[in-house]
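Asker: Can you keep this structure in mind? I'll have questions shortly.
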Number of protein chains: 2
Amino acid sequence: MKCEIIAVGSEMLTPFRQDTNSLYITGKLNELGVTVAYKTIVGDRRKDLVNVIQTALSRVDIVVLMGGLGPTEDDLTREATADALSLRLRRDGAVLASIHARAAAWRMPMPENNLKQADVIETATVLLNPNGSAPGQWLDTTYNNYRKLIMLVPGPPNECKPMFDAECLPRLREVVPRRHIAKRTLKAAMIPESQADKLLAPIYTTYTDIDTTILAHAGDIQLTLLCTKADQETAEQRVEELAGKLEEALDDWLYSSEGETLEQIVLYYLGLRQATLAVAESCTGGMVAQRITGVPGSSRSFLGGAIVYSDPLKTSFANVPPEMIAKYGAVSAEVAAAMAEGIRRRTGATLGLGVTGIAGPTGGTDQKPVGLVYFAVADAQKTDTYDRTFRGDRDRVRQWATQQALDLIRKKLM
Amino acid sequence: MKCEIIAVGSEMLTPFRQDTNSLYITGKLNELGVTVAYKTIVGDRRKDLVNVIQTALSRVDIVVLMGGLGPTEDDLTREATADALSLRLRRDGAVLASIHARAAAWRMPMPENNLKQADVIETATVLLNPNGSAPGQWLDTTYNNYRKLIMLVPGPPNECKPMFDAECLPRLREVVPRRHIAKRTLKAAMIPESQADKLLAPIYTTYTDIDTTILAHAGDIQLTLLCTKADQETAEQRVEELAGKLEEALDDWLYSSEGETLEQIVLYYLGLRQATLAVAESCTGGMVAQRITGVPGSSRSFLGGAIVYSDPLKTSFANVPPEMIAKYGAVSAEVAAAMAEGIRRRTGATLGLGVTGIAGPTGGTDQKPVGLVYFAVADAQKTDTYDRTFRGDRDRVRQWATQQALDLIRKKLM
């Protein structure tokens, strides 16, 4: 079955705001075996809305309308949907009572406008909204003699997503022909994009019954495999088979088969080895630490470290001898190694990381261009150093360097 | 004039990828006085594409088609646009030559498929693409006897945006009736959202000739004012007048009138006062440093600091006495103050910042709930401490805390 998602709201036709709910809803629909064939963004003009809804009804089976259910004059999704279907609105007594009760509980005065939210399209089912005042609506109806399912859900993500999960999905499951879907997500780090394609495309393109999506971002590659079959076992088997081959091809690049982030994997290995980590960051300026500490419970293995942005701090926090900085430069393999060793010794961590480089846009030379970054990982036995040159602007260089740093720690622990 | 932006590509109908070019193009179109009335996302099926293009031509004056111009079988925007307009494709000799030249320069074999990229709709003008192999196309044509402008531009952002700027905008400027537009962006930090609305709405809603957009994110509020008039001076005057009133109302909350980020403003003030900054971060785990070091040239005023995630590091890097941690707890005003003072003394910075809190999801108590964060800013004379409780998940608490920390430094320097 085919679906169109319509996001309603003039603010999403400005340069400043974008619909994001539809990504979530698309994921949920795909798991049911429903394809999203179109997405449309339309403003708050009733005429435009009616036009868009009728266009959708003429080309898909399922229409999800998000937004435009609030109490203001601009909120016209109810009215436009009724227009598009030549149906009428009725003011629902139960919804009216709950709107009054809500206002009373919050001790808020109740503007006349709010009553609009109790307008329900005749034949529609009211969908509860525990997180806001605007209820949703579900319509199982016909348009030009074809059966159509229409959902009206609120725009704010914290209202939209729970309502879609609790009210729309169970109803859709009853109507949509049961499909059996298997899904796997593989993640790999620091594999060059062109190499990834050369390596993986010959494998996954032979599995024409599996929908393989590849996402790449700053040294991170995510492969999602989705397979729909008449029975669950066959779907799982097919995905398992392809995943196995891809995992083998990805070899050391693969860091996760269950969708975890690279920092979660690093923390997992640290826990497994009962090891701790401390970092000394220069050009990444706290990005490595920030990614690691974004994971709940990271304090069990991550001690912290230092942002040694200035040279004196490289000395005072990471014990890098000033003469070494003078001799080799702050951006050098020697200084990266000294940073890793110094921060390790200063904190008593099992592993020390050092990162120093030229993030740009200025500061590069012929010998040491913008994008050059030195890394070092130290343990009690030895210190390994690496250098990489990343392309792109300051932000991109820092993102790649952070990803590389985390991946070096992963490989050290593997 | 009204425009529809159509993003072509099945990958944008998955849960994983989203069109972002349209935000950029919308901004450019708005500056010309063109309104984006619809955005549509459609997959790579020729029939669906023709349907979407014809729908667009029936409801707007200008259609921007992004993507589907590559060499693969899935790239069908050329063919579908020709179908929708009942026009033919011709293979363009000049484009063909440039595709051959490009392949030769890169010493790459030239697949037969690539020639497809030389197919140009009859009556269309070829748009140069210095950043890729697929040229764009510009059509000034009619549909059902109405004049229509149609642009075909590539999907990759690094090809799409430069082509739109260099090839489409100058042509649009010649056709679109000249409008005079004034624009201002105001930014404010840490003003509660409900208070912002109560404070600002009574002011800007009286300026019905100015389009005011408010964006709020984790303690950051951005107001964009856009005014279109018959002459530039009137437009500027109106925007200036409203901006002045809003600035007055925002008072200390306002940190920028020119669109700078909060970290840029902090660095600006540090430079102005010839002051330096060092940070000791616990719950924010490097986020403050990461935002500051994201600004090119930040090393002039930012020395670095420590991520004192574990208690021993609070002592060894920021001189916090262990007895103090034992007595008041690591999350306390006392420890935040000691962190700020300690990191300041250890680094020789003019200002020291300390941040310690409970980011969650666990670790909260009745007295110290998840979301509670203590801040301290120290200079040579004194140390100011603050506490705030933020709502939301771990990521949100950390984002709010980072914003608050930067704002406290800004206020200290003002």
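Asker: Filter segment B:211-244 down to the residues that are among the small types (Gly, Ala, Ser) and crowded, with 17+ Cβ neighbours inside 10 Å, then identify the one that is farthest from B:Lys187 (Cα to Cα).
Answerer: B:Ala235
Asker: Hey, another quick one. Of the conditions (1) assigned to a strand (DSSP E or B); (2) farther than 19 Å from B:Asp252 by Cα; (3) of a type outside the set (D, E, K, R), B:Leu223 satisfies every one except a single condition; which number is it?
Answerer: (2)
Asker: Another one. A:Glu341 fails exactly one of the following numbered conditions: (1) in contact (Cβ under 8 Å) with a residue 60 or more places away in the chain; (2) touching a strand residue (DSSP E or B) at 6+ places or on another chain (Cβ under 6 Å); (3) charged (D, E, K, R). What is the number of that condition?
Answerer: Going through the list (1) in contact (Cβ under 8 Å) with a residue 60 or more places away in the chain; (2) touching a strand residue (DSSP E or B) at 6+ places or on another chain (Cβ under 6 Å); (3) charged (D, E, K, R), A:Glu341 breaks only (1).
Asker: Restricting attention to segment B:40-61, and to residues there that are among the charged types (D, E, K, R) and free of Cβ contacts under 8 Å to residues at least 40 places away in the same chain, which single residue is farthest from the other protein chains (Cβ to nearest Cβ)?
Answerer: In this case the residue turns out to be B:Arg46.
Asker: Can I ask one more? So which residues in segment A:326-350 are away from every other protein chain (no Cβ under 14 Å) and either of a type in the set (Lys, Arg) or under 30 Å from the mean Cα position of the chain (by Cα) (or both)?
Answerer: Scanning segment A:326-350 gives a single hit, A:Lys327.
Asker: Step by step: first the residues of segment A:129-168, then only those that are of a type in the set (A, V, I, L, M) and surrounded by 15 or more Cβ atoms within 10 Å (Cβ to Cβ), then the one that is modelled with the lowest pLDDT. Which residue is that?
Answerer: If we take residues in segment A:129-168 being of a type in the set (A, V, I, L, M) and surrounded by 15 or more Cβ atoms within 10 Å (Cβ to Cβ), then A:Ala134 is modelled with the lowest pLDDT.
Asker: On to the next question. Confirm whether B:Val8 is within 26 Å of A:Arg46 (Cβ to Cβ) and assigned by TED's automatic domain parsing to the domain that holds B:Ala134.
Answerer: Against the criterion (within 26 Å of A:Arg46 (Cβ to Cβ) and assigned by TED's automatic domain parsing to the domain that holds B:Ala134), B:Val8 does not qualify.
Asker: Step by step: first the residues of segment B:12-23, then only those that are more than 7 Å from chain A (Cβ to nearest Cβ) and in a helix (DSSP H, G or I), then the one that is farthest from the chain's Cα centre (by Cα). Which residue is that?
Answerer: Applying the filter and picking the extreme gives B:Met12.
Asker: Quick test for you: out of B:Glu241, B:Glu193, B:Glu174, pick the one residue that is of a type outside the set (Lys, Arg) and at pLDDT 95 or above.
Answerer: B:Glu241
Asker: Let me ask something else about it. Looking at this structure, is B:Phe317 away from every other protein chain (no Cβ under 14 Å) and either within 20 Å of B:Tyr269 (Cα to Cα) or of a type outside the set (D, E, K, R) (or both)?
Answerer: no
Asker: In addition: Please go through segment B:24-34 and give me each residue that is in contact with a Ser or Thr (Cβ under 9 Å, 6 or more places away or on another chain) and surrounded by fewer than 18 Cβ atoms within 10 Å (Cβ to Cβ), ordered by number.
Answerer: Listed by number, the residues that qualify are B:Gly27, B:Gly33.
Asker: When residues of segment A:210-243 are filtered for being small (Gly, Ala, Ser) and either in contact with a Pro (Cβ under 6 Å, 6 or more places away or on another chain) or closer than 30 Å to A:Ser298 by Cα (or both), how many remain?
Answerer: 4
Asker: Okay, moving on. Quick one: which strands (runs of 3 or more DSSP E) sit completely within segment A:245-350 and have at least 3 residues that are buried (at least 19 other Cβ atoms within 10 Å of the Cβ)?
Answerer: The strands (runs of 3 or more DSSP E) meeting that bar are A:277-281, A:302-307.
Asker: Another question about this same structure. Picking from B:Ile210, B:Ile203, which residue would you name as being outside the structural domain of B:Ile53 (by TED's automatic domain parsing) and more than 24 Å from the chain's Cα centre (by Cα)?
Answerer: Going through B:Ile210, B:Ile203 in turn, the sole match is B:Ile203.
Asker: If you don't mind, there's one more thing I want to ask. Return the pair list, or none, for Cβ contacts closer than 7 Å from residues in segment B:390-414 that are within 11 Å of another protein chain (Cβ to nearest Cβ) to residues that are surrounded by 18 or more Cβ atoms within 10 Å (Cβ to Cβ) and in a helix (DSSP H, G or I), at least 6 apart or on different chains.
Answerer: Correct list of pairs: B:Arg398/B:Met287; B:Thr402/B:Met287; B:Thr402/B:Val288; B:Thr402/B:Arg291.
Asker: Condition (residue is buried (at least 22 other Cβ atoms within 10 Å of the Cβ) and assigned to a helix (DSSP H, G or I)) applied to segment A:382-398: is it met by at least one residue?
Answerer: yes
Asker: Right, here's the next one. Which ones in segment B:35-81 are more than 17 Å from B:Gly136 (Cα to Cα), touching a helix residue (DSSP H, G or I) at 6+ places or on another chain (Cβ under 7 Å) and of a type in the set (Val, Ile, Thr)?
Answerer: Within segment B:35-81, B:Val36, B:Thr40, B:Ile41, B:Val42, B:Val50, B:Thr55 meet the criteria.
Asker: A further question on this structure: Would you mention how many residues in segment B:1-23 are without any contact (Cβ under 8 Å) to a residue 40 or more places away in the chain and farther than 12 Å from A:Tyr38 by Cα?
Answerer: So the answer is 5.
Asker: Scan segment A:80-125 residue by residue and report those that are in a loop (DSSP other than H, G, I, E, B) and within 19 Å of A:Ile150 (Cα to Cα).
Answerer: If the condition is that a residue be in a loop (DSSP other than H, G, I, E, B) and within 19 Å of A:Ile150 (Cα to Cα), then A:Ser86, A:Leu87, A:Arg88, A:Asp92, A:Glu122, A:Thr123, A:Ala124 are the ones that fit.
Asker: Criterion first (outside any strand (DSSP E or B), under 29 Å from the mean Cα position of the chain (by Cα) and within 20 Å of B:Ile265 (Cα to Cα)) does B:Ala405 satisfy it?
Answerer: The answer is yes for B:Ala405.
Asker: Taking the criterion of being polar (S, T, N, Q), on the phi > 0 side of the Ramachandran plot and in the same structural domain as A:Arg300 (by TED's automatic domain parsing), would at least one residue in segment A:319-331 satisfy it?
Answerer: Yes, some residue in segment A:319-331 is polar (S, T, N, Q), on the phi > 0 side of the Ramachandran plot and in the same structural domain as A:Arg300 (by TED's automatic domain parsing).
Asker: Test B:Ile99 against the criterion of being within 28 Å of B:Cys3 (Cβ to Cβ) and either outside the structural domain of B:Ala166 (by TED's automatic domain parsing) or surrounded by 18 or more Cβ atoms within 10 Å (Cβ to Cβ) (or both), and give yes or no.
Answerer: no
Asker: Something else about it: Would you be able to say whether some residue in segment B:79-96 is on the phi < 0 side of the Ramachandran plot and of a type in the set (Ser, Thr, Tyr)?
Answerer: Within segment B:79-96 (the criterion being on the phi < 0 side of the Ramachandran plot and of a type in the set (Ser, Thr, Tyr)), the answer is yes, since at least one residue qualifies.
Asker: Please determine whether any residue of segment B:30-39 is within 8 Å of another protein chain (Cβ to nearest Cβ) and in a loop (DSSP other than H, G, I, E, B).
Answerer: No, segment B:30-39 has no match at all.
Asker: Taking into account only those residues within segment A:173-201 that are assigned to a strand (DSSP E or B) and among the hydrophobic types (A, V, I, L, M, F, W, C), which is surrounded by the most Cβ atoms within 10 Å (Cβ to Cβ)?
Answerer: A:Ala188
Asker: A further question follows. Does B:Thr228 count as among the polar types (S, T, N, Q) and free of Cβ contacts under 8 Å to residues at least 40 places away in the same chain?
Answerer: So B:Thr228 fails the test.
Asker: Oh, and also: Kindly evaluate A:Ala37 against the criterion of being of a type in the set (A, V, I, L, M), closer than 30 Å to A:Lys183 by Cα and assigned by TED's automatic domain parsing to the domain that holds A:Val8.
Answerer: Judged against the criteria, A:Ala37 is a match.
The values are calculated or read from the model by the stated rules, or taken from the named source; none is laboratory data. Only a predicted model underlies this, so the values are computations on that prediction, with no experimental measurement involved. Cβ: placed from backbone, ideal geometry, glycine included. Neighbour counts: every protein chain shown.
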